[in-house]
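> Next up is a structure, given as structure tokens.
The values are calculated or read from the model by the stated rules, or taken from the named source; none is laboratory data. Small disclaimer: the values here were computed from a predicted structure and weren't measured. Glycine also receives a Cβ, built like all others from the backbone with ideal geometry; neighbour counts cover every protein chain displayed.
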Amino acid sequence: MPIFAYKALYFTTNETFTCEKCNLDSLFPYPPTTGTFTYSIVVSGPGECTQVEVYCQRDDGQSCTSIIVEAITSSPDPLAITERATDTYAASTVECANDGTFSYKNAAFTLTQIERVQCVFNGCTP
């Protein structure tokens, strides 16, 4: 099991959102399914917009044909935002937005107003 750091930043409804202050707990609001775990690591420095690497990982020894990090927005369909993946984990980087949501950027597109992230584990076997 990897060693990871976790830094939680909180806000109240009376505070102004900035890209340096997000509720990281909102990224994974639901407990992971059995045999998996989720976590996030802040990768930005002080004074920068908060960038967070989000991870979906197996912890039960199973390997999967694909693991997908999906972004949930107000759109009815989740969108895959996986940047890196192996047969046991997938990861992606999101950034805190000024409205308290998150955004994702790659060379092809930018996705804004991400409310949370979910993990999809396909074809997993011992």
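> I'm trying to understand the selection: among the residues of the stretch 64-123, which are of a type in the set (Lys, Arg) and under 21 Å from Asp25 (Cα atoms)?
If the condition is that a residue be of a type in the set (Lys, Arg) and under 21 Å from Asp25 (Cα atoms), then Lys105, Arg116 are the ones that fit.
> Being surrounded by fewer than 16 Cβ atoms within 10 Å (Cβ to Cβ) and touching a strand residue (DSSP E or B) at 6+ places or on another chain (Cβ under 7 Å) narrows it down to one residue among Ser103, Ser74, Ser92; which is it?
Ser74
> Turning to a different aspect of this structure: Keeping to the stretch 105-126, report how many residues are within 22 Å of Cys19 (Cβ to Cβ), touching a residue at least 40 places away in the same chain (Cβ under 8 Å) and in a loop (DSSP other than H, G, I, E, B).
1
> On to the next question. Can you tell me which residues in the stretch 49-61 are farther than 19 Å from Ala97 by Cα and in a loop (DSSP other than H, G, I, E, B)?
Correct list: Asp59, Asp60, Gly61.
> Can you tell me which residues in the stretch 44-63 are touching a Ser or Thr at 6+ places or on another chain (Cβ under 7 Å) and not hydroxyl-bearing (Ser, Thr, Tyr)?
Listed by number, the residues that qualify are Gln51, Val52, Glu53, Val54, Cys56, Gln57, Arg58, Asp59, Gln62.
> If we keep just the residues of the stretch 7-28 that are part of a loop (DSSP other than H, G, I, E, B), at pLDDT 80 or above and hydrophobic (A, V, I, L, M, F, W, C), which is surrounded by the most Cβ atoms within 10 Å (Cβ to Cβ)?
Cys22
> Can you name the number of the only condition in (1) surrounded by fewer than 21 Cβ atoms within 10 Å (Cβ to Cβ); (2) part of a strand (DSSP E or B); (3) not polar (S, T, N, Q) that Pro46 fails?
(2)
> I'd like to check something: does the stretch 62-77 contain any residue that is touching a Gly at 6+ places or on another chain (Cβ under 8 Å) and assigned to a strand (DSSP E or B)?
Yes, the stretch 62-77 contains a residue that is touching a Gly at 6+ places or on another chain (Cβ under 8 Å) and assigned to a strand (DSSP E or B).
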